[in-house]
Amino acid sequence: MLGIIGGTGLTQLANLEITHRKVARTPYGEASGALTFGHICDQEVIFLARHGYGHTIPPHEVNYRANLWALKDHGVDRVVSVATVGGIHPELIPGSLVIPDQIIDYTYGRATSFFVASDKPVTHLDFTFPYCDAMREALLQAATSAGISLRNGGVYGAVQGPRLETAAEINRMERDGADMVGMTGMPEAYLARELELCYATVGAVVNHAAGRGLSAEGIQMEEIQPLLGEVMSQVRHLLEQLVTTGSAGLCEV
C-alpha cells in the first residue's frame with residue numbers, strides 16, 4: 001500500500017476520497033496526526049500530514065519515528081514524501097518539481113534510529129543511495145504520463161530549522177554539492193530504510209535559497225504562499241497519475 005506524507009502546503013489531499021481516520025499510537029509516541037485512509041482513483045492510500053493537520057509542528061519537533069512506524073504498522077510498504085524546498089541549483093526555480101537522488105544531513109539532536117534500546121543489537125545499514133530506485137522511477141514515469149516537467153536527480157541538503165539559512169550557509173551547502181535545501185528530509189529517509197519501506201521524495205521548489213535569485217536580498221515569505229498553491233496542484237496531479245500506474249484505467253485529472 002502507498003503512504004503519502006504531506007509537508008508544508010499539503011496538509012490534505014483534495015483528490016483523496018476519505019473512508020476513515022485513525023489515531024495511531026506507536027512505541028515511539030503519537031504520529032503527527034491521525035492517519036487518513038482513502039482512495040485516489042480507486043487505489044487505496046494512507047495520508048499523513050507531517051506537520052499536523054493544522055500545520056503546528058515545526059520540522060525539528062516532528063516525531064519522524066512515530067510517523068514512519070505508524071504507516072508501516074498499517075500496511076504501507078511504499079512512501080512518497082512531499083517536501084517544500086529552496087532552490088540552490090540554478091535550474092531549481094520557484095514553481096518547479098524535483099525528485100532528489102541524494103541527501104546531505106545537516107540536522108542535529110533528532111531521534112535518528114529505531115535501533116537505540118539496550119536490548120537491540122548494533123545495526124549498520126547501507127545508505128549509499130538513500131532513496132528507493134523503484135519509487136523514484138515510478139514518480140518519473142508518472143510525471144511523463146501526466147505531462148509534468150520535473151528535474152530528475154539532485155542533492156537534498158537537510159537542515160535543522162525552523163529558522164531559514166544565511167547566505168553563507170547556502171554558499172557552503174553549494175560547495176558541498178547540495179542542489180536544494182529543506183528541513184524534513186532527515187531522519188525521515190533513513191528511518192524509512194530501517195523499516196524497509198520503499199521511500200522517495202518529491203521536492204516542491206517554492207523559493208530561491210538565501211542569497212540566490214529572487215532571494216538575493218532576503219526570502220520574501222509573503223511571495224511563497226500564492227506559489228505554494230500552484231505547485232501543490234502539480235503535486236496532486238502527479239500523485240493521481242502515480243497511483244493509477246499499472247491499473248486498468250486512469251482517473252480523470
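When you look at Tyr53, is it within 17 Å of the chain's Cα centre (by Cα), surrounded by fewer than 18 Cβ atoms within 10 Å (Cβ to Cβ) and touching a residue at least 40 places away in the same chain (Cβ under 8 Å), yes or no?
In short, yes.
Let me confirm something: among Ala142, Ala138, Ala192, Ala210, which residue is under 22 Å from Ile57 (Cα atoms), among the small types (Gly, Ala, Ser) and either assigned to a strand (DSSP E or B) or touching a helix residue (DSSP H, G or I) at 6+ places or on another chain (Cβ under 7 Å) (or both)? Quick ask: steps written out before the conclusion?
Numbers: Ala142 fails: under 22 Å from Ile57 (Cα atoms); Ala138 fails: under 22 Å from Ile57 (Cα atoms); Ala210 fails: under 22 Å from Ile57 (Cα atoms).
Ala192 is the lone residue from the list that is under 22 Å from Ile57 (Cα atoms), among the small types (Gly, Ala, Ser) and either assigned to a strand (DSSP E or B) or touching a helix residue (DSSP H, G or I) at 6+ places or on another chain (Cβ under 7 Å) (or both).
Per-residue answers, yes or no, for (1) among the β-branched types (Val, Ile, Thr); (2) more than 29 Å from Leu239 (Cα to Cα); (3) in contact (Cβ under 8 Å) with a residue 12 or more places away in the chain:
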site	(1), (2), (3)
Tyr108	no, yes, yes
Tyr131	no, no, yes
Asn152	no, no, yes
Tyr156	no, no, yes
Arg172	no, yes, no
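Quick check on my filter: what residues within segment 86-132 are assigned to a loop (DSSP other than H, G, I, E, B) and among the polar types (S, T, N, Q)? Even if it seems obvious, please write down each step before you answer.
Residues of segment 86-132 that are assigned to a loop (DSSP other than H, G, I, E, B), as a first pass: 88-96, 100-101, 106-132.
Scanning segment 86-132 gives Ser96, Thr107, Thr112, Ser113, Ser118, Thr123, Thr128.
Scan segment 111-132 and give yes if some residue there is surrounded by 12 or more Cβ atoms within 10 Å (Cβ to Cβ) and more than 30 Å from Leu242 (Cβ to Cβ), otherwise no.
Scanning segment 111-132 turns up at least one residue that is surrounded by 12 or more Cβ atoms within 10 Å (Cβ to Cβ) and more than 30 Å from Leu242 (Cβ to Cβ).
Checking the conditions here, which among Arg193, Arg175, Arg151, Arg136 is at negative phi, exposed (fewer than 12 other Cβ atoms within 10 Å of the Cβ) and modelled with pLDDT of 95 or more?
Testing whether each residue is at negative phi, exposed (fewer than 12 other Cβ atoms within 10 Å of the Cβ) and modelled with pLDDT of 95 or more leaves just Arg175.
The rows are residues; the columns are (1) within 17 Å of the chain's Cα centre (by Cα); (2) hydroxyl-bearing (Ser, Thr, Tyr).
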{"residue": "Met180", "(1), (2)": "yes, no"}
{"residue": "Thr184", "(1), (2)": "yes, yes"}
{"residue": "Leu195", "(1), (2)": "yes, no"}
{"residue": "Ala204", "(1), (2)": "yes, no"}
{"residue": "Ser215", "(1), (2)": "no, yes"}
{"residue": "Gly218", "(1), (2)": "no, no"}
{"residue": "Gln225", "(1), (2)": "no, no"}
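If you go through segment 44-101 one residue at a time, how many are over 13 Å from Gly3 (Cβ atoms) and small (Gly, Ala, Ser)?
Looking only at that region, the number is 8.
Residues that are among the β-branched types (Val, Ile, Thr), buried (at least 18 other Cβ atoms within 10 Å of the Cβ), in a helix (DSSP H, G or I) and out of contact with any helix residue (DSSP H, G or I) (no Cβ under 6 Å at 6 or more places or on another chain): does segment 156-170 have at least one?
Yes.
Out of Ala83, Ala70, report the one residue that is out of contact with any helix residue (DSSP H, G or I) (no Cβ under 9 Å at 6 or more places or on another chain), buried (at least 22 other Cβ atoms within 10 Å of the Cβ) and closer than 22 Å to Glu194 by Cβ.
Values: Ala83 fails: out of contact with any helix residue (DSSP H, G or I) (no Cβ under 9 Å at 6 or more places or on another chain).
After applying the criteria, what remains is Ala70.
Identify all residues within segment 27-50 that are outside any loop (DSSP other than H, G, I, E, B) and surrounded by fewer than 17 Cβ atoms within 10 Å (Cβ to Cβ); write none if there are none.
Within segment 27-50, Gly29, Glu30, His39, Glu44 meet the criteria.
The values are calculated or read from the model by the stated rules, or taken from the named source; none is laboratory data. Because the structure is a prediction, the values reported are computed rather than measured. Note: ideal-geometry Cβ built from the backbone for every residue, glycine included; neighbour counts use all protein chains shown.
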